[in-house]
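The values are calculated or read from the model by the stated rules, or taken from the named source; none is laboratory data. All values reported here derive from a predicted model rather than from experimental measurement. A quick note on method: Cβ atoms are made from the backbone with ideal geometry, for glycine too, and the neighbour counts reach across all protein chains shown.
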Amino acid sequence: MIFLFMPGFAGAVVELGTVPDGIVSFKARDSSIAEIVNKFYDQYSIEIKGLENRVLDKITFSYDADTPEDLLKNLLRHIGIKNYAFVFADATLKRLVIVPEATSDVSSFSQSSKASSRLNEFVSIAQIQGIVEASQADSAGLQEGDIILEYGGVPISSARQLVSEVEINSQISQVEMVIVRQKIPTRLVLSGGFIGVRILTKEIPRAELLSFSKRFSFQP
């Protein structure tokens, strides 16, 4: 969803563009988030999703960055957003998705699962333990603790399997990857080859994995 333009408040300013030295410059004064979202789409064709409940919020913020994604990271930090994911196409940022916090329903489901007999059933997952600076993972906003659920359409259950699938898809221009953060799955598009993550294989209850993988085509 792309926000429709909303008229600015008196005195509101939203300026976004690339200055001669290649730096991306952004300035907002008493501007609504809806105006800022539209500005990023008009200037860079970057769609921002997940802020629909904050379109009337007004902020004042000024920042210069090397890339639009770095600028967006700092803007999100400014408005208190911690969970998000970038979606790239041909190495170009196309979409920013705000990942909602885990809901009480999901938490309750997790607690009830632990109380059930399925607590004794465990499955392996691949979880991010670290991010390589200036890598694809860094640019895409991947974070420590994210679970890699799929890579190239293949369910991932271990660090070794992810390494193997990355090698298999190294010559492919675009590879889809599904991550899980705060029990919410998000689909990303990366370039084939080196991602830039340090991965640990760990085990979690099968019921917990099912709670966020059921919307995809495979069952663990």
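I'd like the full set of residues that are of a type outside the set (A, V, I, L, M, F, W, C) and at pLDDT below 75, limited to segment 85-108. So that I can check it myself, show each step before the final result.
Let us first name the residues in segment 85-108 that are of a type outside the set (A, V, I, L, M, F, W, C), namely 90, 92, 94-95, 100-101, 103-105, 107-108.
Result: Asp90, Pro100, Glu101, Thr103, Ser104, Asp105, Ser107, Ser108.
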Exercise. Quick one: in segment 155-173, which of the residues that are touching a Ser or Thr at 6+ places or on another chain (Cβ under 8 Å) and among the hydroxyl-bearing types (Ser, Thr, Tyr) is farthest from Lys202 (Cα to Cα)?
Worked result: Ser173
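Please return the ranges of helices (runs of 4 or more DSSP H) entirely within segment 117-220 where 1 or more residues are under 26 Å from Ile98 (Cβ atoms) and at pLDDT 90 or above. Steps first, please.
Numbers: elements: 136-139, 159-168, 206-213.
Passing ranges, in order: 136-139, 159-168.
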Exercise. Yes or no: Glu69 of a type in the set (D, E, K, R), modelled with pLDDT of 85 or more and either under 14 Å from the mean Cα position of the chain (by Cα) or in a strand (DSSP E or B) (or both)?
Worked result: yes
For this session: Consider Leu76 carefully, then state whether it is crowded, with 16+ Cβ neighbours inside 10 Å and either without any contact (Cβ under 8 Å) to a residue 40 or more places away in the chain or on the phi > 0 side of the Ramachandran plot (or both).
Result: yes
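So is Ser25 free of Cβ contacts under 8 Å to residues at least 40 places away in the same chain and buried (at least 16 other Cβ atoms within 10 Å of the Cβ) or not?
Numbers: free of Cβ contacts under 8 Å to residues at least 40 places away in the same chain: yes; buried (at least 16 other Cβ atoms within 10 Å of the Cβ): no.
Spelling it out, it is not the case that Ser25 is free of Cβ contacts under 8 Å to residues at least 40 places away in the same chain and buried (at least 16 other Cβ atoms within 10 Å of the Cβ).
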Problem set entry | Among (1) at pLDDT 90 or above; (2) surrounded by 13 or more Cβ atoms within 10 Å (Cβ to Cβ); (3) more than 17 Å from the chain's Cα centre (by Cα) - the single one Thr60 does not satisfy | (2)
Problem set entry | Members of segment 40-66 found to be over 18 Å from Gly141 (Cα atoms), out of contact with any helix residue (DSSP H, G or I) (no Cβ under 9 Å at 6 or more places or on another chain) and either outside any helix (DSSP H, G or I) or not charged (D, E, K, R) (or both), listed by number | Tyr41, Ser45, Asn53, Thr60, Ser62
Problem set entry | Filtered residues of segment 2-39 (kept if touching a helix residue (DSSP H, G or I) at 6+ places or on another chain (Cβ under 7 Å) and at pLDDT below 60) | Ile2, Phe3, Phe5, Met6, Gly8
Seminar exercise, completed: When segment 145-159 is checked residue by residue, the ones that are over 16 Å from Glu208 (Cα atoms) and surrounded by fewer than 18 Cβ atoms within 10 Å (Cβ to Cβ) are Gly152, Gly153, Val154, Ser158
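Rundown of residues vs (1) of a type in the set (D, E, K, R); (2) without any contact (Cβ under 8 Å) to a residue 24 or more places away in the chain, yes/no style:
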| residue | (1), (2) |
| --- | --- |
| Asp138 | yes, no |
| Gln143 | no, no |
| Pro155 | no, no |
| Val180 | no, no |
| Leu210 | no, yes |
Exercise. Among the residues of segment 141-164, is any of a type in the set (Phe, Trp, Tyr) and over 17 Å from the mean Cα position of the chain (by Cα)?
Worked result: no
